[in-house]
Amino acid sequence: EAVASRKRVMTPGSLEKEIAAIEARISEYLAAMDAADREGTAEAGPANVAAALDRLRNRRDRARTQAKSMAEEGLKQRVDLEREARLMKTARHGHQVAYNAQTAVDAKHGLIAAFDLTSEGNDQRLLLPMAKQAKEALDAQTLNVVADTGYANGEQGQACAAIGVTAAVPRQKTVNATNPRLFSREVFIYDAASDSWTCPAGKTLVRLYLSQSEQKTYYGTKACAGCALKLQCTTARGRMIARHLFEDAKQAMHRRTVEDPTWMKRRRELVEHPYGFIKWLMGYPNFLLRGRTKAKSELALLVMSFNMKRTINILGVPGLLKALQAAPA
């Protein structure tokens, strides 16, 4: 967690509401002033009213400037005083203003080989960057990388394979988003040779169109109308299946975890332990300094502390001191 309250989070929607509320308050002031003029009375002096109106107009202008700036930068949220942090879902404290800490742990020694601190709200685009860092840190020509479901990204998996990294990442189970009681995507069979799908009723779903923005190909069939299984499959006119352009790479990563379950078991043992130690060191898991650079420096000290303690467990204090003496200055 970062050094900022959820109350500091701004979104286009919240700024719009704030501007509307300020405009309403300004209108109330002006209406009250008009009424006081007509009745020849005044509850507050003109100077006090003018000052209040100036404050409201300044707040409105600041909110408008923030909204314009966010629109120009394409931001969906911004945190006042901690602009590089984001509102994220945390494990035990709900949604908090936070950073996303990343680690790559060496399977041989259990040391943190690489780490990073990002503003990404999820891990979807972080498989390749962390794999590259780990490969460079370990000076390895090839590398096996295991990650959890949040990293299941076919495009990044294909890019990993291109640099000698074999990734094992389970994919999320695909259910029917509109109704989980309907047939899931898993019961449809894809045939690469014909680029088509076969549904549970034995009908063929052919390619309909490609969405470049979503990087998905959509498939469908005209046979749904008279199908005996339609009520178990879809509530729409017909069932459509989407397939990502990097589906093969994503499926290859998933298949590795299914064929050898020890991959994921080993990942839990290796990766979760350092986080438990780091959180124990922190007491309460939040950074003390503002800004990603300073917060990452805090994380660097914590990673160094873990690695030193782990090295002492492996080599002992004399062994560590001897290794440090032999290290170049």
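The values are calculated or read from the model by the stated rules, or taken from the named source; none is laboratory data. These numbers were taken from a predicted model, which means no experiment stands behind them. FYI the Cβ positions are ideal-geometry reconstructions off the backbone, even for glycines, and counts take in every protein chain you see. These accessible areas exclude ligands, DNA and RNA; they are computed on the full protein's heavy atoms, side chains included. Shrake-Rupley method; radii C 1.70, N 1.55, O 1.52, S 1.80 Å.
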Inset, instruction - State which residue is farthest from His254 (Cα to Cα) when the search covers only the stretch 205-236 and only residues that are open to solvent by 70 Å² or more (accessible area, probe 1.4 Å) and of a type in the set (S, T, N, Q). - result: Thr235
Inset, instruction - Tell me which residues, restricted to the stretch 75-95, are modelled with pLDDT of 90 or more and either closer than 21 Å to Gly276 by Cβ or in contact with a Cys (Cβ under 9 Å, 6 or more places away or on another chain) (or both). - result: Met88
Legend entry - Filtered residue count, the stretch 111-131, keeping only those that are in a loop (DSSP other than H, G, I, E, B), surrounded by 14 or more Cβ atoms within 10 Å (Cβ to Cβ) and out of contact with any helix residue (DSSP H, G or I) (no Cβ under 6 Å at 6 or more places or on another chain): 4
Inset, instruction - Sort out which residues of the stretch 172-224 are in contact with a His (Cβ under 8 Å, 6 or more places away or on another chain) and over 15 Å from Met240 (Cβ atoms), and write them in order of number. - result: Gln215
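Somewhere in the stretch 132-143, is a residue on the phi > 0 side of the Ramachandran plot and open to solvent by 30 Å² or more (accessible area, probe 1.4 Å)?
At the first step, the residues of the stretch 132-143 found to be on the phi > 0 side of the Ramachandran plot are 139.
Add one more test, that the residue is open to solvent by 30 Å² or more (accessible area, probe 1.4 Å), and what stays is 139.
Yes, that holds for at least one residue.
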Inset, instruction - Check every one of the helices (runs of 4 or more DSSP H) wholly within the stretch 219-295 and list those with 1 or more residues that are free of Cβ contacts under 8 Å to residues at least 40 places away in the same chain and among the acidic types (Asp, Glu). - result: 247-259, 262-282
Inset, instruction - Being over 24 Å from Arg255 (Cβ atoms) and either modelled with pLDDT of 95 or more or among the polar types (S, T, N, Q) (or both) is the filter here, so list the residues in the stretch 177-200 that pass it. - result: Thr178, Asn179
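Answer yes if at least one residue in the stretch 91-106 is among the polar types (S, T, N, Q) and assigned to a loop (DSSP other than H, G, I, E, B), and no otherwise. I'd like the intermediate steps shown before the answer.
First pass over the stretch 91-106, keeping only residues among the polar types (S, T, N, Q): 96, 100, 102-103.
From the residues that got through so far, the ones that are assigned to a loop (DSSP other than H, G, I, E, B) too are none.
The answer is no; no qualifying residue exists.
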Legend entry - Where Arg59 falls short, out of the listed (1) closer than 30 Å to His273 by Cα; (2) open to solvent by 80 Å² or more (accessible area, probe 1.4 Å); (3) in contact (Cβ under 8 Å) with a residue 12 or more places away in the chain: (1)
